[in-house]
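Taking it in order: structure first as structure tokens, then the write-up.
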Amino acid sequence: TVGFDGNNSEEEMVRRAEELGWNKIGFSNHFIVHEKIEEAPMYKYAKIGGYNNIYSSSFDEAVAKFESHYKRIDDLQSKTKIKILKGMEVDFFAGEEWRKGFEKAIAYLKPDYLIGSAHFVEQDGILFNSHDVKKSSKIEQQKLITRYWQNVRATANSGLFDFLAHLDLIKKVGLG
């Protein structure tokens with residue numbers, strides 16, 4: 001939605017869903033939390049493009065962004081017959097501290113569903129997204145692509161998510 005990386009407000013999308021005769025709609029904005037996200041090579045471009053709001057360096061920061069979004073959804077739910085589901089598209093990062101922070105965040109926010117994704121791979125303390133992988137040397141690309149698929153597998157095996165997203169990210173940038 002607007003405020004994250006979308007072009008429409010929750011109200012606009014619910015209004016359109018009503019016009020189409022839908023009885024249910026879900027909102028799944030990005031919930032990407034990593035303490036080093038602002039150091040990722042792509043972050044400066046995300047900031048310029050207005051997408052930096054989908055990234056947070058702490059769970060407290062991410063929860064604050066989602067609180068207002070979820071409040072808008074709750075307010076909108078009282079004005080429509082359409083069932084509105086609250087979701088999250090979450091970048092999974094393996095690690096006990098990340099998992100503890102994430103579990104605390106979802107216990108507080110209580111989303112209806114979770115979509116797991118792997119937009120980033122971490123290597124040598126640096127976060128790379130698929131565009132960064134494309135810019136790497138061929139040798140580094142192979143390492144990062146392998147790491148990407150390891151992340152996808154770990155996301156699926158984590159038991160945290162109802163759905164998986166973006167299994168095509170590497171392909172979208174022309175890498176497989």
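Tabulated data for the structure shown
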item	result
Any hit, the range 108-118, residues being closer than 21 Å to residue 152 by Cα, among the polar types (S, T, N, Q) and either surrounded by 14 or more Cβ atoms within 10 Å (Cβ to Cβ) or touching a Lys or Arg at 6+ places or on another chain (Cβ under 9 Å) (or both)	yes
Index of the failed condition, residue 6 passing every other in (1) farther than 29 Å from residue 120 by Cβ; (2) at pLDDT below 95	(1)
Number of the condition not met by residue 167 [criteria: (1) touching a residue at least 24 places away in the same chain (Cβ under 8 Å); (2) closer than 22 Å to residue 46 by Cβ; (3) assigned to a loop (DSSP other than H, G, I, E, B)]	(1)
Residue in the range 154-168 that is modelled with pLDDT under 95, open to solvent by 40 Å² or more (accessible area, probe 1.4 Å) and in contact with a strand residue (DSSP E or B) (Cβ under 6 Å, 6 or more places away or on another chain) present	yes
Filter result for the condition that a residue is in contact with a strand residue (DSSP E or B) (Cβ under 6 Å, 6 or more places away or on another chain) and in contact (Cβ under 8 Å) with a residue 60 or more places away in the chain, over 70, 55, 113	113
Restricting the range 120-134 to residues that are touching a strand residue (DSSP E or B) at 6+ places or on another chain (Cβ under 9 Å) and open to solvent by 30 Å² or more (accessible area, probe 1.4 Å), the residue that is modelled with the lowest pLDDT	122
Residues being of a type in the set (A, V, I, L, M, F, W, C), in contact (Cβ under 8 Å) with a residue 24 or more places away in the chain and not in a helix (DSSP H, G or I) - total across the range 1-47	9
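Table: residues versus (1) among the charged types (D, E, K, R); (2) within 16 Å of the chain's Cα centre (by Cα); (3) open to solvent by 60 Å² or more (accessible area, probe 1.4 Å); (4) closer than 25 Å to residue 25 by Cβ.
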| residue | (1), (2), (3), (4) |
| --- | --- |
| 48 | no, no, yes, no |
| 64 | no, yes, no, yes |
| 74 | yes, no, yes, yes |
| 78 | no, no, yes, yes |
| 81 | yes, no, yes, yes |
| 84 | no, no, no, yes |
| 92 | no, yes, no, yes |
| 101 | no, yes, no, no |
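The values are calculated or read from the model by the stated rules, or taken from the named source; none is laboratory data. This is a predicted model, so every value here is computed, not measured. Cβ: placed from backbone, ideal geometry, glycine included. Neighbour counts: every protein chain shown. These accessible areas exclude ligands, DNA and RNA; they are computed on the full protein's heavy atoms, side chains included. Shrake-Rupley method; radii C 1.70, N 1.55, O 1.52, S 1.80 Å.
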